[in-house]
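See below for the structure under consideration.
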Amino acid sequence: MTDIQSVYPSIMENLALYQGWRRDIHRHPELGFEESRTAGIVEEKLNGFGGIESHCGIGSTGVVGVLRKGNGLRSIGLRADLDALPMHEENTFMHRSVYPGKFHGCGHDGHTVMLLAAAQYLAKFGRFDGTVYFIFQPAEEGMGGGHAMIQDGLFDRFPMNSVYGLHNAPTIAAGDFAVLPGPMLAAFEKFDITITGRGSHGAMPHQGIDPILVSAQLIQALQGIVSRSIDPVYSGVISVTRIHAGDTYNVIPEQVNLSGAIRYLESEIGETIRQRMVELVTSVSAASGAVGELRFHELGYPPLVNDSKCTEKAKSIAAQLVGGNRVVDDIDPIMGSDDFAYMLQEKPGCYVLIGNGIGSKGGCHVHHPLYDFNDEIIPYGAAFWSKLVESEMPSL
């Protein structure tokens, strides 16, 4: 087990500095594809470390830092996300968000600073032979910033051999790690359903076709897809999360709009869910004389699938840092999603979880209005990145 204080003293000694960076970003959250201030901070820090080239505006507001040492041809990509969530923060500490309705409720502020801390260490002290690409990605929260960076030539301009991502997990003790080979996070696809009936007076429902009644029947029917059309050993989720209909108390509206998302770990399960949804939207609506239309959004997140060899490497690095007893490799797949999945479709790599802490410090789950990233794990994340680079591309 590595003593982070002795092996990475500069990282530990700079914790207060990194905490300041993180809390400044937390106070000034920016939503997807709007991260101009955050990207500017990243660019300024990278340029100040010495020896790192910075490339901005990739996939809109993404930043890539390039650090080369030696003559080695090996290369590795390390990814952090930049964006905040469109939600209100309920914390009262001094570094709470200054923008109502914008909040770093998923820890992307911490992810950004952990990668910046690693970049600073590797630029000054790193012992490796090859190229590191520090990828600061915009718009992870449902907007496909990872896909946008790829479309903008990420892997053509920066030809890395592998790519890794690191995300905090409040369900894991601070500084512990968790990895899983194969499917780790679910696909995420948004849908909209429109049910059109015939409006009528609320006292005369027989003169109309009630789309609200149809929508209630349809929501119930949709929940039967996973339980009756999917093999029970596989996972799937269908969530209707929004219902819009009507304007007043005594009028049955003509139309109901439903929205939600589906999640799955295997592509064939997604195909079955989509097919059955089309069938049910059409048939349940028609049974009452209404018309149902279903639309899936073009940009969905695919399942996130870790490469087995890269997962073993990540597990080994984490174990060297904190001890094998603090690295979990048999977690269940998670039905949440991350568009790092797009990068893993293009390159072998691994998505790693780092514990944010269980209990009073870092105990709230991500996307909770009282969540806050645990600054004490910044050295662990930065050390993981640094050791991964030095182990993957050892200097001769």
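What to note about this one:
- Of the criteria (1) farther than 20 Å from L265 by Cβ; (2) crowded, with 20+ Cβ neighbours inside 10 Å, which one I358 fails: (2)
- Check on Y351, surrounded by 15 or more Cβ atoms within 10 Å (Cβ to Cβ), assigned by TED's automatic domain parsing to the domain that holds C310 and out of contact with any strand residue (DSSP E or B) (no Cβ under 6 Å at 6 or more places or on another chain): no
- Only one of the listed residues (G246, G208, G202) is crowded, with 18+ Cβ neighbours inside 10 Å and of a type outside the set (A, V, I, L, M, F, W, C). That residue is G208.
- Taken together, Q151, Q137 contain a single residue that is in contact with a Leu (Cβ under 8 Å, 6 or more places away or on another chain) and in the same structural domain as K69 (by TED's automatic domain parsing), which is Q137.
- Unique match (being in a loop (DSSP other than H, G, I, E, B) and either of a type in the set (S, T, Y) or at pLDDT below 95 (or both)) among D332, D338: D332
- Selection count, the range 225-251, where residues are of a type outside the set (G, A, S) and in contact (Cβ under 8 Å) with a residue 60 or more places away in the chain: 1
- Check on L185, at pLDDT 95 or above, surrounded by 21 or more Cβ atoms within 10 Å (Cβ to Cβ) and touching an Asp or Glu at 6+ places or on another chain (Cβ under 6 Å): yes
- So R37, is it in contact with a helix residue (DSSP H, G or I) (Cβ under 9 Å, 6 or more places away or on another chain), at pLDDT 95 or above and crowded, with 16+ Cβ neighbours inside 10 Å: no
- Scanning the range 148-177 for residues being under 19 Å from the mean Cα position of the chain (by Cα) and surrounded by fewer than 22 Cβ atoms within 10 Å (Cβ to Cβ) gives a total of 5.
- Residue match in the range 304-322 (condition: of a type outside the set (D, E), farther than 30 Å from G355 by Cα, surrounded by fewer than 21 Cβ atoms within 10 Å (Cβ to Cβ) and touching a strand residue (DSSP E or B) at 6+ places or on another chain (Cβ under 7 Å)): no
- Those residues of the range 58-76 which are under 21 Å from C350 (Cα atoms) and not hydrophobic (A, V, I, L, M, F, W, C), in sequence order: G62, G65, R74, S75
- Helices (runs of 4 or more DSSP H) contained entirely in the range 1-111, each with at least 3 residues that are touching a residue at least 12 places away in the same chain (Cβ under 8 Å), assigned by TED's automatic domain parsing to the domain that holds H365 and under 21 Å from Y164 (Cβ atoms): 36-49
- The single residue among A123, A117, A139 that is farther than 16 Å from Y371 by Cα, of a type outside the set (S, T, Y) and part of a loop (DSSP other than H, G, I, E, B) turns out to be A139.
The values are calculated or read from the model by the stated rules, or taken from the named source; none is laboratory data. Everything numeric here is computed off the predicted structure, so don't read it as measured data. So basically every Cβ, Gly included, is an ideal-geometry build from the backbone, and we count neighbours across all protein chains shown.
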